[in-house]
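Enquirer: Let me begin by handing over the structure; questions about it come next.
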Amino acid sequence: MSLFSRSENGAIAGDGDGWTATRAALGRQRAHDVVYDCCREALGSRQPFVDILAAHPDIAPVMTREELAAVIAPERYLGAAPEMVDRLLAKRK
């Protein structure tokens, strides 16, 4: 995941629950559109996704670069996998 994320300038992490502040400030659809546009820009450039987000005039007042980096960290994108593995292993015992 981390290698793929780096190859895509971090844009793989353009969705998730960490965007609550952005959605609250911009509205759900506008926040989606801004993050989507930033993802497309990251994919088409050599700039990291987090830098594009941090520089965006709609996002910069709402989230710091550090908060954005935490939101898009690939490690956050495990979803329910750890719980699913635990349940599977518990059934095998």
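The values are calculated or read from the model by the stated rules, or taken from the named source; none is laboratory data. Values in this document were obtained by computation on a predicted structure and should not be read as measured data. FYI the Cβ positions are ideal-geometry reconstructions off the backbone, even for glycines, and counts take in every protein chain you see. The protein model used for the area step is the full one, side chains on, heavy atoms only, and it has no ligands, DNA or RNA in it. Shrake-Rupley method; radii C 1.70, N 1.55, O 1.52, S 1.80 Å.
Enquirer: Could we say that residue 47 is of a type in the set (S, T, N, Q), modelled with pLDDT of 80 or more and assigned to a helix (DSSP H, G or I) here?
Expert: Values: of a type in the set (S, T, N, Q): yes; modelled with pLDDT of 80 or more: yes; assigned to a helix (DSSP H, G or I): no.
Against the criterion (of a type in the set (S, T, N, Q), modelled with pLDDT of 80 or more and assigned to a helix (DSSP H, G or I)), residue 47 does not qualify.
Enquirer: I've got another one for you. Going through region 21-44 one residue at a time, which ones are open to solvent by less than 20 Å² (accessible area, probe 1.4 Å) and not in a helix (DSSP H, G or I)?
Expert: Scanning region 21-44 gives no hits.
Enquirer: Next question, about the same structure. Would you confirm, using the coordinates I've provided, whether residue 54 is open to solvent by less than 100 Å² (accessible area, probe 1.4 Å), closer than 17 Å to residue 33 by Cα, part of a helix (DSSP H, G or I) and out of contact with any strand residue (DSSP E or B) (no Cβ under 7 Å at 6 or more places or on another chain)? I'd like the intermediate steps shown before the answer.
Expert: On the way: open to solvent by less than 100 Å² (accessible area, probe 1.4 Å): yes; closer than 17 Å to residue 33 by Cα: yes; part of a helix (DSSP H, G or I): yes; out of contact with any strand residue (DSSP E or B) (no Cβ under 7 Å at 6 or more places or on another chain): yes.
It is true that residue 54 is open to solvent by less than 100 Å² (accessible area, probe 1.4 Å), closer than 17 Å to residue 33 by Cα, part of a helix (DSSP H, G or I) and out of contact with any strand residue (DSSP E or B) (no Cβ under 7 Å at 6 or more places or on another chain).
Enquirer: Residue pairs, Cβ under 8 Å, 6 or more apart or interchain, first in region 66-92 and assigned to a loop (DSSP other than H, G, I, E, B), second surrounded by 14 or more Cβ atoms within 10 Å (Cβ to Cβ) and modelled with pLDDT of 85 or more. List them.
Expert: Once the first residue is assigned to a loop (DSSP other than H, G, I, E, B) and sits in region 66-92, its partners that are surrounded by 14 or more Cβ atoms within 10 Å (Cβ to Cβ) and modelled with pLDDT of 85 or more give 72/49; 72/50; 72/53.
Enquirer: I'd like to verify a number: residues in region 18-64 that are free of Cβ contacts under 8 Å to residues at least 12 places away in the same chain and of a type in the set (Ser, Thr, Tyr), how many?
Expert: Of the residues in that region, 2 qualify.
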